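*Asks:* One structure, pasted below without further comment.
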Amino acid sequence: MKRMFGFRRMVFWTTLVWTIGMVITIPAPAQAMHIAEGILPVPWAGFWFLIAIPFVAIGMRELRNRAENTPEIKPLVGLVGAAVFVISCMPIPVPIAGTCSHPCGTGLAAIIIGPWLTVVISSIALLLQALFLAHGGLTTLGANIASMGIAGAFVGYGVFHGLRRVGVSWLVAAFLAGVLSDWATYSVTSFELASALHGSGSMEIMFKAILLAFVPTQAPLGILEGFLTMGAYRFISMRRPDLLRRLAEKVTS
């Protein structure tokens with residue numbers, strides 16, 4: 001009886017371990033956010049690196065210069081960078097396209113710390129996601145920086161401050177900065193994919209097809225990010241209006 005019980009227990013554990021191993025090792029369709037590893041041909045991947053590197057270099061120089069005069073900028077940049085990392089780690093599958101949408105957080109970051117520093121923290125977030133979370137890739141890092149870090153940051157910053165200069169309330173300006181920075185990121189991503197992968201077909205048609213594939217998820221996500229940006233900016237302006245004023249002076253000086 002004991003031998004029979006021992007045999008059944010061995011069979012149970014062997015079956016359990018085998019089943020778990022099969023579940024882990026069976027390949028499944030990837031739902032990668034950002035542009036995944038190997039999607040872009042080498043020349044295009046290299047081209048986007050050439051675009052991204054000067055922005056990252058200028059951002060690093062600005063971080064060094066601002067840290068000399070404003071010591072508290074480094075921990076603030078770290079906090080904003082952590083927020084961008086977490087916000088952009090919320091993938092939602094995109095129908096048909098086999099990829100994922102997600103909020104970005106770069107519009108909010110650009111309003112708080114400026115577009116150049118936002119490029120830096122976006123680059124770090126994207127690198128960590130590629131290395132440890134299999135989100136995006138190393139060869140496509142330049143393209144992902146260009147779309148999320150550069151386009152998202154500068155569009156969000158430009159929309160916010162442009163609207164404020166013409167008298168639009170900060171509430172509306174922050175909302176639209178969040179929305180348009182998000183949508184700009186995915187417009188550039190669609191352009192990057194279409195320009196590299198259209199082959200002998202029409203790049204315009206492929207661009208529109210990719211852009212439309214993002215619409216069901218990214219349109220509402222962009223609006224959600226607008227409310228997130230508005231709410232976060234309102235919270236900071238109520239708690240630390242002096243901090244926002246000092247940061248704005250440093251960015252525009």
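*Asks:* Residue 120 versus (1) farther than 28 Å from residue 72 by Cβ; (2) within 17 Å of the chain's Cα centre (by Cα); (3) touching a residue at least 40 places away in the same chain (Cβ under 8 Å): which is the lone unmet condition?
*Replies:* It is condition (1) that residue 120 fails.
*Asks:* Scanning for something more than 18 Å from the chain's Cα centre (by Cα) and surrounded by fewer than 18 Cβ atoms within 10 Å (Cβ to Cβ), does region 131-143 turn up at least one residue?
*Replies:* Checked region 131-143: no residue is more than 18 Å from the chain's Cα centre (by Cα) and surrounded by fewer than 18 Cβ atoms within 10 Å (Cβ to Cβ).
*Asks:* Right, next: If you go through region 201-235, how many residues are closer than 18 Å to residue 103 by Cβ and of a type in the set (A, V, I, L, M)?
*Replies:* Adding up the residues that qualify gives 10.
*Asks:* Based on what the data block shows, is residue 189 at pLDDT 90 or above, closer than 20 Å to residue 51 by Cβ, buried (at least 16 other Cβ atoms within 10 Å of the Cβ) and among the β-branched types (Val, Ile, Thr)?
*Replies:* yes
*Asks:* Does region 237-248 contain at least one residue that is more than 22 Å from residue 143 (Cα to Cα) and polar (S, T, N, Q)?
*Replies:* Looking through region 237-248, at least one residue is more than 22 Å from residue 143 (Cα to Cα) and polar (S, T, N, Q).
*Asks:* Would you confirm whether any residue within region 76-89 is modelled with pLDDT under 90, more than 23 Å from residue 211 (Cα to Cα) and in contact with a Lys or Arg (Cβ under 6 Å, 6 or more places away or on another chain)?
*Replies:* For region 76-89, residues modelled with pLDDT under 90, more than 23 Å from residue 211 (Cα to Cα) and in contact with a Lys or Arg (Cβ under 6 Å, 6 or more places away or on another chain): absent.
*Asks:* Out of curiosity, is residue 29 at pLDDT 85 or above and more than 16 Å from the chain's Cα centre (by Cα)?
*Replies:* The answer is no for residue 29.
*Asks:* Kindly provide the set of residues from region 111-123 that are modelled with pLDDT under 95 and in a helix (DSSP H, G or I), ordered by number.
*Replies:* If the condition is that a residue be modelled with pLDDT under 95 and in a helix (DSSP H, G or I), then 111, 112, 113 are the ones that fit.
*Asks:* Please state which one of 217, 252 is modelled with pLDDT under 85 and loosely packed, with under 13 Cβ neighbours inside 10 Å.
*Replies:* Criteria check complete, one pass: 252.
A quick yes/no check of all residues on (1) part of a loop (DSSP other than H, G, I, E, B); (2) not aliphatic (A, V, I, L, M):
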residue	(1), (2)
196	no, no
201	yes, yes
208	no, yes
213	no, no
220	no, yes
223	no, no
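The values are calculated or read from the model by the stated rules, or taken from the named source; none is laboratory data. Here the structure is a predicted model, which is why all the values come from computation and not from measurement. Backbone-built Cβ (ideal geometry, glycine too); neighbour counts: all protein chains shown.
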